[in-house]
Amino acid sequence: MKTVDVVLENGLEFYGSPCNFNQVWKGSLDCVAFEASRIKEKLLSLDQPCYIVRVDGKIGVTNHGYLSPLDNGKTGQIELLMVIPPIRLQQLGDPNFLNFHGTKYAYTTGAMAGGIASEEMIIALGKEGILGSFGAGGLPLNRLEIAINRIQYALPKGPYAFNLIHSPNEPALERGAVDLYLKYGVRTIEASAFLDLTPNIVYYRAAGLGLNSANEIEIKNKIIAKISRREVASKFMQPAPQKMLQELVAQGLISELQANLATKVPLADDITAEADSGGHTDNRPLVCLLPSIIALRDEIQAQYNYEKPIRVGVAGGIATPQSALAAFMMGAAYVVTGSINQSCIEAGSCQHTKQLLAQADMADVMMAPAADMFEMGVKLQVLKRGTMFPLRAQKLYEIYRNYNSIDEIPSQEREKLEKQIFRKPLAHVWEETVTYLSQKNPEKLGKAVNNPKLKMALIFRWYLGLSSRWSHSGEKGREVDYQIWCGPAIGSFNDWVRGSYLADPNHRRVVDVANHIMMGTAYLYRIQTLKIQGLYIPNYYSQYTPVNSTLEA
């Protein structure tokens with residue numbers, strides 16, 4: 001072995017007790033790093049162990065060598081301070097999630113409605129063994145059918161999921177999506193925006209139940225339920241309601257056996273605790289919501305004693321290795337990203353939208369009225385930087401609250417609406433709405449004819465509905481009205497990648513982003529493990545920054 005004549009200052013200090021009292025490290029000092037940049041390289045070698053050693057009072061790091069019993073009679077032995085094993089990305093989260101869904105990471109991408117979570121996105125993820133959920137919300141059934149065929153052709157063995165969004169104002173659309181999923185054998189759905197259970201979600205679940213050759217319950221139709229309220233989570237964690245099951249049996253949709261089996265398993269296999277996310281959200285703090293939902297899961301598990309306990313993951317705010325690590329350390333079985341993927345190349349949004357997202361800060365979001373639940377006062381989280389949509393949408397809701405019909409709106413106020421927001425007379429907007437509803441929802445159209453308040457709501461929903469489509473398609477001249485769903489996570493992501501190649505949305509690929517977040521999470525876990533054992537590590541070592549694309553190799 002050679003001796004070390006000069007050791008560069010690396011900032012490492014040790015305040016604990018050596019963890020291996022009866023062992024020493026043996027190997028060549030040539031492979032021990034004492035300089036800061038080389039130490040970080042060693043720490044980043046996640047697939048190799050890390051030996052922290054002390055030589056002549058200086059701390060170094062190596063991935064090589066071996067441990068040997070301490071020879072008390074021998075001098076000049078290198079002091080071993082600690083050793084940590086390799087870490088695989090598959091160790092993060094719940095391994096049962098990986099086995100159940102056939103994925104390589106406990107990482108998924110959420111369904112951004114209107115096809116923002118596009119076929120291209122889901123296929124790119126699926127080919128790398130990462131589960132993504134297609135954004136079926138708000139799409140007509142014929143468009144959804146096209147997406148199913150494309151994704152299943154590209155991923156015959158998965159993994160992939162499709163969104164089932166609760167549609168209280170269009171129950172036929174929700175049921176139509178379930179019928180398509182059953183027809184084409186879509187085996188995993190992400191249920192979102194449910195305020196209560198519906199026969200549709202129960203039908204999907206029960207229709208996929210059966211017994212295997214060992215007489216065990218076989219679950220073919222898997223459900224990942226995205227929730228932010230304990231009362232809603234409780235419904236998905238319990239077996240399907242008996243009344244709904246019997247009604248489905250009476251309709252000939254499921255068998256008596258399937259109804260009986262449905263009483264023995266939870267409605268959902270996985271519960272995603274949705275914190276402060278984009279789109280529909282209750283703005284729940286992640287650190288409060290996740291422990292609460294995990295505790296609820298444990299209560300229900302003790303009550304029903306399921307053979308396979310429900311897993312609890314987290315969404316909303318997951319945008320960096322730090323946030324993913326926080327979720328895993330709090331007990332999340334998996335993490336879900338959303339807003340950050342909308343700025344990726346594969347997302348079904350236009351380039352202008354992606355540029356706005358890539359420039360956003362954490363404070364550049366706000367709540368605005370939702371198109372699908374406008375009359376109920378439900379809001380969603382959108383981007384406010386670079387668009388007037390949230391302020392204009394809020395103005396429409398205030399007018400809706402204050403007046404009972406279009407005719408009651410003061411003429412000056414109405415002129416402003418027609419000139420600034422709709423850019424056409426409200427009478428023309430109503431004509432377009434009539435044409436649309438006569439084909440899509442004639443029942444609602446019939447109610448609106450004799451209900452001025454509903455008629456006003458439908459006219460206002462014209463703007464709310466089209467504004468999100470303009471953002472997807474890149475409608476020229478309407479950029480200021482783009483409705484862009486996102487949460488503060490986008491700002492956190494932009495801060496993280498600032499100065500790196502991922503700062504440019506033209507370089508953001510959804511698989512590359514996923515890889516970096518998971519690699520960064522594993523790296524930060526390694527750093528925290530060393531800190532807990534007594535190693536003082538300067539901030540330089542605690543930063544994981546994307547340097548090169550993980551797809552280049």
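The values are calculated or read from the model by the stated rules, or taken from the named source; none is laboratory data. Remember, predicted model here, so these are calculated numbers, not experimental data. Cβ atoms come from the backbone with ideal geometry, glycine included; neighbour counts cover every protein chain shown. Side chains are part of the model used for accessible areas, which takes the heavy atoms of the whole protein and leaves out ligands, DNA and RNA. Shrake-Rupley method; radii C 1.70, N 1.55, O 1.52, S 1.80 Å.
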Q.
Between helix 171-183 and the chain, what is the angle of the helix's C-alpha long axis to the longest principal axis, kept within 0 to 90° and rounded to the nearest 10?
A. 50 degrees
Q) Relative contact order for the chain using alpha-carbon pairs under 8 Å, separation at least 6, rounded to a whole percent? A) 14 percent
Q: Run down the aspartates and glutamates and flag those whose C-alpha is under 19 Å from the C-alpha of LYS419, throwing out any fewer than 8 positions away in its chain.
A: GLU398, ASP407, GLU408, GLU431, GLU432, GLU475, GLU479, ASP481
Q: Return the carbon/sulfur percentage of the accessible area of the chain, one whole number, probe 1.4 Å, all protein chains in place.
A: 50 percent
(Q) From the protein chains alone at 1.4 Å, what is the descending order of accessible area for THR529, THR545, THR353, largest first? (A) THR545, THR529, THR353
Q. Residue by residue, what Karplus-based ³J(HN,Hα) values in Hz, rounded to whole numbers, does segment 503-517 have, using 6.51, -1.76 and 1.60 with θ = phi - 60° and x for Gly and Pro?
A. 5, 8, x, 5, 10, 8, 10, 4, 6, 4, 4, 4, 4, 5, 5
**Q.** lysines with Cα under 22 Å of LYS447, excluding same-chain neighbours fewer than 8 positions away
**A.** LYS455
**Q.** Computed helical MRE - 222 nm, the chain, DSSP H runs ≥ 4 contributing -39500 (n - 2.57), nearest 500
**A.** -12000 deg cm²/dmol
**Q.** Accessible solvent surface per residue of the chain, calculated while the other protein chains remain in place, 1.4 angstrom probe, Å²
**A.** 43 Å²
Q: Compute the length gained on full extension between GLN420 and LYS264: take 0.36 nm times their separation in residues and subtract their Cα-Cα distance, giving the result in nm to one decimal.
A: 50.6 nm
Q. To the nearest 10 degrees, how steeply does helix 389-402 sit against the main Cα axis of the chain, on a 0 to 90 scale?
A. 40 degrees
Q) Using the Cβ atoms and a cut-off under 11 Å, what net charge is assigned to the surroundings of ALA489, where Lys and Arg are +1 and Asp and Glu are -1? A) -2
Q) With the Cα gyration tensor of segment 392-536 giving a ≥ b ≥ c as the square roots of its eigenvalues, does the rule (a/c under 1.5 for rounded; else a/b larger than b/c for prolate; else oblate) give rounded, prolate or oblate? A) prolate
Q. Of the cross-linked pairs LYS235/LYS384; LYS222/LYS395; LYS127/LYS379; LYS42/LYS127; LYS416/LYS476, which ones have a Cα-Cα span greater than 32 Å in the structure shown?
A. LYS235/LYS384; LYS222/LYS395; LYS127/LYS379
Q | Per-residue SASA entry for LYS395, accessible area with 1.4 Å probe, Å² rounded to 10 | A | 70 Å²
**Q.** Dipole of segment 240-391 [Lys/Arg +1, Asp/Glu -1 at C-beta], most positive-end residue of MET376, THR272, SER343
**A.** SER343
(Q) Using only the heavy atoms of the protein chains and a 1.4 Å probe, how would SER492, SER473, SER277 rank by accessible area, largest first? (A) SER473, SER492, SER277
(Q) Along the charge dipole of the chain, pointing to its positive end and built from +1/-1 on Cβ of Lys, Arg, Asp and Glu, which listed residue (LEU296, PRO425, THR320) has its Cα farthest out? (A) PRO425
(Q) At 0.36 nm per residue, and after removing the present C-alpha to C-alpha distance, how many nm does the segment from GLU431 to VAL480 gain when stretched out fully? (A) 15.2 nm
Q | Estimated D of the chain in µm² per second, where Rh is the Kirkwood radius over Cα pairs and Stokes-Einstein applies at 25 °C, 0.890 mPa s | A | 95 µm²/s
